[in-house]
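Below: the structure, in structure tokens.
Values in this text are rule-based calculations from the coordinates and carry no lab data. Because the structure is a prediction, the values reported are computed rather than measured. Cβ: placed from backbone, ideal geometry, glycine included. Neighbour counts: every protein chain shown.
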Amino acid sequence: DAKRTGRGKVVVYSQEIEDKARRVTGIEQALRRAVAAGEVEPWFQPIVSLSTRQVLGYEALARWTDRDLGVVSPAEFIPIAEERGFIGQLSQVLLCKAARAAVDWPEEVSLSFNLSPSQLVDQNTSEQVLTILRDTGLPPSRLQIEITETGMMCEPASAEKIVEDLRAAGIRIALDDFGTGQSSLGRLRQLHFDTIKIDQAFVASMLADAPTQHILRAILDMCRGLQKDVVAEGIECEDQAARLAAFGCQKGQGYLFGRPMRADATAAHVHGYAASARAAFA
Ligand code: C2E
Ligand code: MG
Ligand code: MG
Ligand code: MG
């Protein structure tokens, strides 16, 4: 009866909470081990010119396969590393590997790397990034750091200091997932960044939805006025690419141009592109 159902629900619910907690703890332990062993890998997804389809750079995206847990998505393990306080270590392992891969790419091809909100609260972050660049020999001008609006909001003064330190060294800053965060347009005036990455949610709904198209045009107009670079994320079909290009968007990223690839496949990919670009001009 109703009472038994009610009790049943409570039991199921607490069981779910327990399962969730056990998974988080399992991921934390396995991931700490993987970080120490250097088993988390950056994969690389191309960022291209929408007009020429030339590869301008690659974004490093964390990938991890555990022996027991299998493939775990960064959308699940990055927040756990943040909450449990070892995102800094994880990030250093990833940036080292990513920078080592990127130094072998043609010098006009840049590396984009994500920093989490909690890293913008930690004043060691900029020195850690600069040390890795020195150790690997990747010029700061080839690195673009991606941060979210939410990341800039946690402790604004701390985040702004880190951004200033990175920019002073010649590293570019991109605002990631633009349009999904909490920041106001007024706040945009105060933030020092070079690039806006329009969140994939806008791209996903643009073809079927007129309001989304108006918002995209407004963002692109604003970026032109502010002289900011724009990258549209999550482009999966030619219709989206064509429409975005018609709105004045110059750069894109998404499955249409390439999925994230391992470092060795990326090296082949970038040199294939370089070769085909040379052939096109020959
Ligand atoms: P993000 O930085 O916004 O990265 C874009 C995400 O969209 C990636 O998911 C990418 O694989 C996915 N994506 C790219 N093109 C398409 C497309 O055409 N369609 C669809 N549906 N998805 C596409 P991923 O790799 O699962 O990463 C999820 C998020 O995890 C990232 O979002 C980023 O916030 C975070 N992340 C990944 N790697 C790192 C890292 O090394 N450090 C930090 N702090 N965060 C990371
Ligand atoms: Mg990103
Ligand atoms: Mg993004
Ligand atoms: Mg995103």
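For the chain, the share of DSSP beta bridges that are antiparallel, to the nearest 5, is 40%.
Could you run the Debye sum over the Cα atoms of segment 127-174, one equal point scatterer each and no solvent, and tell me log10 of I(q)/I(0) at q = 0.27, 0.30 Å⁻¹, two decimals? Taking Cα atoms of segment 127-174 as identical point scatterers yields -1.02, -1.15. Selection among 156, 57, 31 by position relative to the dipole of the chain gives 31 as farthest towards the positive end (Cβ unit charges, Cα centre). A simple count of charges around residue 127, restricted to other residues whose Cβ falls under 15 Å of its Cβ and scoring Lys, Arg +1 and Asp, Glu -1, yields -1. Put simply, when 22-31, 243-252 are sorted by average Cβ atoms within 10 angstrom per residue, most first, you get 243-252, 22-31.
Charge dipole of segment 198-253 (Cα centre as origin; +1 on each Lys and Arg Cβ, -1 on each Asp and Glu Cβ, all else neutral): 260 debye, rounded to the nearest 20. Exposure proxy ranking for 96, 237, based on other Cβ atoms within 10 angstrom of each Cβ and starting from the fewest, stands as 237, 96. For segment 94-134, the equivalent ellipsoid built from the Cα gyration tensor has semi-axes of 22, 11, 8 Å, listed from largest to smallest. Calculated over the chain, the projected area of the Cα convex hull averaged across directions stands at 18.7 nm².
Assuming charge only on the beta carbon of Lys and Arg (+1) and of Asp and Glu (-1), the dipole of segment 106-149 about its Cα centre is about 80 debye to the nearest 20. Working note: Debye formula, equal point scatterers on the alpha-carbon atoms of segment 85-162, no solvent; log10 I(q)/I(0) at q = 0.11, 0.18, 0.21, 0.22 Å⁻¹ is -0.28, -0.71, -0.93, -1.00.
Calculated [222 nm] ellipticity per residue, helices only, for the chain: -17000 deg cm²/dmol; basis is -39500 (n - 2.57) per DSSP H run with n ≥ 4, divided by all residues, nearest 500. Remark: for residue pairs 228/251; 197/228; 97/161, the C-alpha separation exceeds 22 Å in 97/161.
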